[in-house]
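Here the structure is laid out as structure tokens; the discussion comes afterwards.
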Amino acid sequence: METVLKIFRGDGTAGAFRDYTVPLQPGMVVLDAVHWVQAHQASDLACRWNCKAGRCGSCSAEVNGKPRLMCMTRMDHFPPGEAITLAPMKAFPVLKDLVCDVSWNYGVNRRIPAFRPRPPEPDGTWRMQQDDIDRVQEFRKCIECFLCQDVCHVLRDHDRKDQFAGPRFLVRLAGLEMHPLDAASRTAHLKEEAGIGFCNITKCCTEVCPESIHITDNAIIPLKERVVDDFYDPLRRLWRRLRGTS
Amino acid sequence: MVAVPDELRRTGFAATERRDAWWVAPLLQGTVLAVLITYANWAALQNANYRWGGYLSPLYSPLITISWLPLPPSLLILLPPVLFRATCYYYRKAYYRSYFLDPPACAVGELRGNRYRGETAFPLVLQNLHRYLFYITFLYLPFLWSDVVHATSFGGSFGVGIGTLVILANTTALTLYSFSCHSARHLIGGSLDCFSCSAGARARHAAWKGASVLNARHMLFAWVSFFTVCSADLYVRLVASGVIHDIRLL
Ligand code: SF4
Ligand code: SF4
Ligand code: FES
Ligand code: FES
């Protein structure tokens with residue numbers, strides 16, 4: 001059994017999809033097929049990968065138009081005999097073939113206000129209960145594959161990289177903001193710099209997350225509610241004014 | 001701008017490399033939503049056949065009758081629940097996708113380009129007041145439960161008819177929809193950072209865990225409750241207008 005991979009070949013200035021015929025093996029994943037093409041037909045084909053186990057988040061690409069990890073996408077997932085399209089993530093500049101320049105993300109990450117622990121207890125230590133951190137542990141599952149950033153229409157279609165941090169960093173912000181030991185408030189950052197209002201909660205990020213993080217329900221919406229507390233809720237504003245804490 | 005070659009980045013409405021029928025879900029969702037909204041509006045405007053014996057249509061509950069009002073009072077009663085649904089995080093997702101096509105589906109191109117403001121500018125910035133509509137519609141729940149009690153009264157004696165069950169199912173669905181609301185989940189305990197720091201926080205944590213279980217099914221409750229509201233109204237309407245007869249079960 002063979003199948004045809006239509007792989008994007010090119011860089012940031014030009015490119016096209018080229019066909020490669022690949023023999024199918026039982027249990028084969030898309031990344032295996034790409035490696036087969038590299039080994040037998042196109043040694044200059046560029047693709048990023050590290051773990052081949054869905055852990056490192058390097059092998060993100062668009063398989064038949066859907067953002068996926070190539071190492072976690074089995075070839076038998078697709079109807080036999082139909083060509084499979086493989087393209088780099090659309091939301092980021094292409095460096096070569098399937099490799100994108102995702103460095104914009106690291107800049108966004110650096111601007112997030114860091115963890116600021118509250119004062120320690122009298123014995124000089126900090127204690128947390130499991131109940132307090134269950135919620136933020138979900139966010140720590142993130143493998144930084146940036147598939148959610150790729151699929152988010154605010155970045156992908158509207159190209160608001162200057163105004164919106166994207167779902168991956170809203171997840172990181174949620175992990176810090178809801179941390180039981182953290183004393184900093186990031187709601188102003190969320191509203192202004194991270195641009196949480198640009199998210200219209202259409203949930204594509206949640207649909208593609210390979211770690212099944214409930215990005216929209218557990219991170220973004222709770223953060224939106226916290227921003228409402230501090231900036232949009234008129235009664236809370238009045239209350240703060242009356243207590244002189246605004 | 002993103003430096004993606006033109007060959008790769010086909011832009012514009014519906015541009016995608018997806019092969020599946022991505023348009024089925026938004027089309028179906030938009031159509032069903034439109035049918036339910038049209039029915040609810042039509043029924044609210046009728047101002048007749050909303051009551052039969054102890055049965056009251058949920059679209060007219062709590063029942064107020066103001067004779068001098070130029071509009072059917074049901075429209076006033078319905079305004080908060082309508083706005084509650086219009087600003088609901090789930091319905092927002094549904095109509096942004098199906099009606100605003102923003103996006104029509106994941107990884108599928110959109111109509112609008114540079115004008116996108118999300119929920120940062122008027123009028124959509126008002127979505128941030130969703131919690132106030134939760135507060136108001138929460139007050140409707142006791143009335144809806146009292147409608148269930150009234151629906152068990154047949155000429156002064158206790159009874160159960162198909163209508164009683166339809167009204168009970170609707171009130172249950174609406175209660176689950178309200179308690180699974182994202183704003184409610186925040187209010188109940190989601191706003192806390194430390195769940196174990198005081199007895200009050202521990203109690204709110206327990207409530208938050210319950211709200212989270214319901215919240216995970218919010219989409220289901222949103223759809224089911226919209227169906228039950230329309231079906232309960234339709235049932236009462238058909239019985240009240242004599243098209244069908246209520247069946248007494250007890
Ligand atoms: S839910 Fe928000 S962050 Fe996630 S993909 Fe949609 S717009 Fe982007
Ligand atoms: S949140 Fe999920 S999709 Fe986004 S970067 Fe992390 S693992 Fe990838
Ligand atoms: S190679 Fe590490 S996630 Fe795919
Ligand atoms: S009712 Fe849906 S989020 Fe509040």
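The values are calculated or read from the model by the stated rules, or taken from the named source; none is laboratory data. Model, not experiment: these values are computed from the prediction. Glycine gets a Cβ as well: all are built from the backbone with ideal geometry, and neighbour counts include every protein chain shown.
Summed over the range A:149-164, residues that are closer than 13 Å to A:Cys205 by Cα and part of a loop (DSSP other than H, G, I, E, B) total 1.
Could you tell me how many of the residues in the range A:74-106 are of a type in the set (Asp, Glu) and within 21 Å of the chain's Cα centre (by Cα)? Number of matching residues: 2. The residues of the range B:130-157 that are surrounded by 15 or more Cβ atoms within 10 Å (Cβ to Cβ) and not in a helix (DSSP H, G or I), listed by number, are B:Ala151, B:Thr152, B:Phe154. Evaluated against (1) more than 10 Å from every other protein chain (Cβ to nearest Cβ); (2) within 16 Å of ligand 4 (Cβ to nearest atom); (3) not in a helix (DSSP H, G or I), A:Ala219 falls short on exactly one condition, (3). Condition (residue is touching a residue at least 12 places away in the same chain (Cβ under 8 Å), in a helix (DSSP H, G or I) and at the interface with chain B (Cβ under 9 Å from one of its Cβ atoms)) applied to the range A:232-241: is it met by at least one residue? No: zero hits.
Of the residues making up the range B:158-175, those that are buried (at least 20 other Cβ atoms within 10 Å of the Cβ) and not in a helix (DSSP H, G or I) number 1.
Output yes when any residue across the range B:63-76 is assigned to a loop (DSSP other than H, G, I, E, B) and touching a residue at least 60 places away in the same chain (Cβ under 8 Å), and no when none is. No, that holds for no residue. The residue list B:Arg85, B:Arg92 contains one member that is at pLDDT 95 or above, more than 14 Å from chain A (Cβ to nearest Cβ) and in a helix (DSSP H, G or I), which is B:Arg85.
Restricting A:Val151, A:Val136 to those that are in contact with a strand residue (DSSP E or B) (Cβ under 9 Å, 6 or more places away or on another chain), facing chain B (nearest Cβ under 10 Å) and either within 22 Å of A:Val99 (Cβ to Cβ) or touching a residue at least 40 places away in the same chain (Cβ under 8 Å) (or both) reduces the list to A:Val151. Looking across the range A:97-116, just one residue is part of a helix (DSSP H, G or I) and of a type in the set (A, V, I, L, M), and that is A:Val108. All but one of (1) away from ligand 2 (no atom under 16 Å from the Cβ); (2) closer than 27 Å to A:Asn105 by Cβ; (3) surrounded by fewer than 21 Cβ atoms within 10 Å (Cβ to Cβ) hold for A:Gly54, so report the exception by its number. It is condition (1) that A:Gly54 fails. Exactly one residue out of A:Ala91, A:Ala46 is at the interface with chain B (Cβ under 10 Å from one of its Cβ atoms), at negative phi and in contact (Cβ under 8 Å) with a residue 40 or more places away in the chain: that is A:Ala91. For A:Glu144, state whether it is closer than 30 Å to A:Ala46 by Cβ and either within 16 Å of ligand 1 (Cβ to nearest atom) or not in a helix (DSSP H, G or I) (or both). Considered against the rule, which asks whether it is closer than 30 Å to A:Ala46 by Cβ and either within 16 Å of ligand 1 (Cβ to nearest atom) or not in a helix (DSSP H, G or I) (or both), A:Glu144 comes out as yes.
For the range A:117-142, which residues satisfy the criterion of being within 16 Å of ligand 3 (Cβ to nearest atom) and surrounded by 19 or more Cβ atoms within 10 Å (Cβ to Cβ)?
Correct list: A:Cys142 only.
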